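The values are calculated or read from the model by the stated rules, or taken from the named source; none is laboratory data. Only a predicted model underlies this, so the values are computations on that prediction, with no experimental measurement involved. Cβ placement follows ideal geometry from the backbone for every residue including glycine, while neighbour counts extend to all protein chains displayed.
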């Protein structure tokens, strides 16, 4: 079938490449306009645009896909199906109803759980043990259409959102081609979502990453994994000797068998400097920081940071200056 592919970030690239090697024909790729990036603020193409050019595909970059000119361009292409993978814009009803086989979205959760912009992050933050990808028919309501197919995967207690995203991107690519094949042959099934099971995964704001050491050890560990690499988890280290407060991005933590051993120290207090890293008190035990990044500097292991910065037991990590 003739397909228009809509996507923008790196997550969508495996799906585009998979579709390009399938029996289906990509007649156009739609992605977001080039955006300023880095300190230079030079407009840069999206990962999908770069991949599309590499594959020799036509690229459209409307500021608003629902503008009359963009809709007319899609109508002229007359696609059998429109595939959407992390495109970043809502589609209007005229676009949704345009293709014979409607618009099919690859969503990075097991719908109806975690509808919204950040399902991978929230799956980890909420401590989900299993997640996956869903092929869903697009409707006017976000991520609320009929489910065509799903793939599941366990979530490791050590992987962060960046690592899980790469795995789900590959799974989504496989699911996409399988789904289009089923649709074309008439073997696809369509299952309505159970609205009673719906949960949401809103876009992450920077403030979500502030670490509240008064929470439970596992909850803090999941938050850090869920917001890494972006928008990032952070805390402030208050060193008693110098009375300085330094902002630290916490990249990786570890939970030991003894982590749930209650300490008499207040949450946020450095319990000890251990071979694995910095043990910090929580509401129900302690969490070991193994990798961090001082603001404006490179990432480093906890022991390397300790060698260059005076930090000792009874110093304190706080959530604000």
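Here are a few things to note about the model shown:
- Only one of 177, 185 that is on the phi < 0 side of the Ramachandran plot, at pLDDT 95 or above and surrounded by 15 or more Cβ atoms within 10 Å (Cβ to Cβ): 177
- Filter result (in contact (Cβ under 8 Å) with a residue 24 or more places away in the chain and either exposed (fewer than 12 other Cβ atoms within 10 Å of the Cβ) or under 27 Å from the mean Cα position of the chain (by Cα) (or both)) within segment 59-75: 59, 60, 61, 62, 63, 64, 65, 66
Condition check ((1) closer than 30 Å to residue 102 by Cβ; (2) touching a helix residue (DSSP H, G or I) at 6+ places or on another chain (Cβ under 6 Å); (3) surrounded by 13 or more Cβ atoms within 10 Å (Cβ to Cβ)) across all residues:
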position: 154; (1), (2), (3): no, no, no
position: 159; (1), (2), (3): no, no, yes
position: 208; (1), (2), (3): no, no, yes
position: 213; (1), (2), (3): no, no, yes
position: 219; (1), (2), (3): no, no, yes
position: 231; (1), (2), (3): no, yes, yes
position: 235; (1), (2), (3): no, no, yes
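- Residue check, residue 10 over 17 Å from residue 86 (Cβ atoms), in the same structural domain as residue 80 (by TED's automatic domain parsing), in contact with a helix residue (DSSP H, G or I) (Cβ under 9 Å, 6 or more places away or on another chain) and in contact (Cβ under 8 Å) with a residue 12 or more places away in the chain: no
- When each of 125, 100, 104, 95 is tested for being modelled with pLDDT of 95 or more, within 30 Å of residue 226 (Cβ to Cβ) and more than 18 Å from the chain's Cα centre (by Cα), the lone residue that passes is 104.
- Within segment 248-278, the set of residues being under 28 Å from the mean Cα position of the chain (by Cα) and assigned to a strand (DSSP E or B) comprises 248, 249, 250, 251, 252, 253, 254, 277, 278.
- Residue count for segment 179-210, restricted to those that are within 23 Å of the chain's Cα centre (by Cα) and more than 30 Å from residue 319 (Cβ to Cβ): 4.
- Some residue of segment 294-305 being assigned by TED's automatic domain parsing to the domain that holds residue 219, within 20 Å of residue 219 (Cβ to Cβ) and touching a residue at least 12 places away in the same chain (Cβ under 8 Å): no
- Count of segment 275-284 residues, restricted to those that are in contact with a strand residue (DSSP E or B) (Cβ under 9 Å, 6 or more places away or on another chain) and surrounded by fewer than 20 Cβ atoms within 10 Å (Cβ to Cβ), is 1.
- Residues in segment 188-201 that are loosely packed, with under 14 Cβ neighbours inside 10 Å and either touching a helix residue (DSSP H, G or I) at 6+ places or on another chain (Cβ under 9 Å) or in contact (Cβ under 8 Å) with a residue 12 or more places away in the chain (or both): 189, 190, 191, 192, 194, 195, 197.
- Qualifying positions in segment 28-50 - outside any helix (DSSP H, G or I) and buried (at least 17 other Cβ atoms within 10 Å of the Cβ): 28, 29, 30, 31, 32, 45, 46
- Here 225, 307 are screened, and the one residue that is part of a helix (DSSP H, G or I) and buried (at least 20 other Cβ atoms within 10 Å of the Cβ) is 225.
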